[in-house]
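Encoded as structure tokens, the structure appears first; notes follow it.
A short reminder: the numbers here are calculations on the coordinates, not readings from a lab. Because the structure is a prediction, the values reported are computed rather than measured. Cβ placement follows ideal geometry from the backbone for every residue including glycine, while neighbour counts extend to all protein chains displayed.
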Amino acid sequence: MNIASWDGNNVKMIANSKRDHMDSSRNFTGITKGFNPNIPYIAALKDIVEGLRAVLIDDHIDPHMTGAIIIQDRIPRDDSNDVFGGYEFKMRPDPFVERAAHWESISERLLAKLKIYAQGAKKLL
């Protein structure tokens with residue numbers, strides 16, 4: 001994975017690429033593995049960006065706030081015996097919109113995480 005797809009003129013393609021990269025810690029780790037290992041303190045920076053991503057994307061009690069992809073649920077219909085037509089599809093809420101509604105609590109958790117990282121940075125430097 002690389003973040004070159006985060007640049008360009010097509011806003012929709014950029015947004016979709018970012019959603020894909022940010023959706024899971026596994027996908028995001030694919031980006032951080034590309035960090036130049038020869039840069040001083042790069043391991044600490046990798047830990048910081050992965051930790052901040054976790055606070056923003058993963059660490060939520062409400063499952064509608066987790067991840068970055070808008071998921072479509074397949075819900076079986078009780079009134080249908082048709083194997084292929086017996087479902088209705090419902091879009092889950094956009095997790096970015098859900099998190100925006102809870103910006104205050106997320107901001108508090110981000111600030112707490114940044115304070116921890118600042119203390120660690122003081123020890124490194």
- request: Report the calculated FRET efficiency for Ser25 and Glu88 (r = Cβ-Cβ distance, R0 = 35 Å), to the nearest 0.05.
  value: 0.65
- prompt: Hey, in the GNM for the chain with a 10 angstrom Cα cutoff, which one of Val49, Val97, Val11 fluctuates hardest?
  reply: Val11
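Within 14 Å, Cβ to Cβ, of Phe35, how many net charges do the neighbouring residues add up to if Lys/Arg are +1 and Asp/Glu are -1? Intermediate values should be presented prior to the final figure.
Details: positive: Lys33, Lys46, Arg53; negative: Asp47, Glu50.
Counting the neighbours of Phe35, the net charge comes to +1.
Provide the FRET efficiency to the nearest 0.05 for the Tyr117-Asp59 pair, computing r from the beta carbons and using R0 = 22 Å. Don't jump to the answer; show the numbers that get you there.
On the way: r = 15 Å, r/R0 = 0.69.
Plugging the Cβ-Cβ distance into 1/(1 + (r/R0)^6) gives 0.90.
For the chain, what is the mean residue ellipticity at 222 nm derived from helices alone (per DSSP H run of n ≥ 4: -39500 (n - 2.57); sum divided by total residues; nearest 500 deg cm²/dmol)? Please list the in-between numbers first.
Working: 5 runs with 62 residues, N = 125.
Taken over the chain, the calculation gives -15500 deg cm²/dmol.
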- request: Can you pull the one-decimal nm distance between simple spin-label points at Arg74 and Trp6, each 7 Å off the Cα toward Cβ?
  value: 3.3
message: Can you tally the net charge around Lys115? Count Lys and Arg as +1, Asp and Glu as -1, for every other residue whose Cβ sits under 13 Å from the Cβ of Lys115.
response: +2
- line: Long-range amide H partners of Tyr87, meaning residues 5 or more apart or on another chain whose placed amide H is closer than 5 Å, are Arg77
- line: Projected onto their principal axes, the Cα atoms of the chain stretch, largest extent first, over whole-Å spans of 66, 32, 25
- line: A correct Karplus calculation of ³J(HN,Hα) over the range 34-43, with 6.51 cos²θ - 1.76 cosθ + 1.60, θ = phi - 60°, whole Hz and x for Gly and Pro, returns x, 5, 5, x, 7, 7, x, 6, 5, 5
message: Tell me the Rg and the Dmax, in Å, that the Cα atoms of the range 20-80 produce.
response: 16.7, 62
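For Asp47 and Lys33, calculate 0.36 nm times their separation in residues minus their Cα-Cα distance, and state this gained length in nm to one decimal. It would help to have the intermediate numbers written out before the result.
On the way: separation 14, 0.36 × 14 = 5.04 nm, distance 1.11 nm.
This chain segment gains 3.9 nm when fully extended.
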- request: Could you work out which residue, out of Asn16, Asn38, Asn27, moves most in a Gaussian network model of the chain, that is, has the largest mean-square fluctuation with Cα springs under 10 Å?
  value: Asn38
- prompt: What residue among Ser17, Ser105, Ser25 has the largest mean-square fluctuation in a Gaussian network model of the chain, using Cα springs under 10 Å?
  reply: Ser105
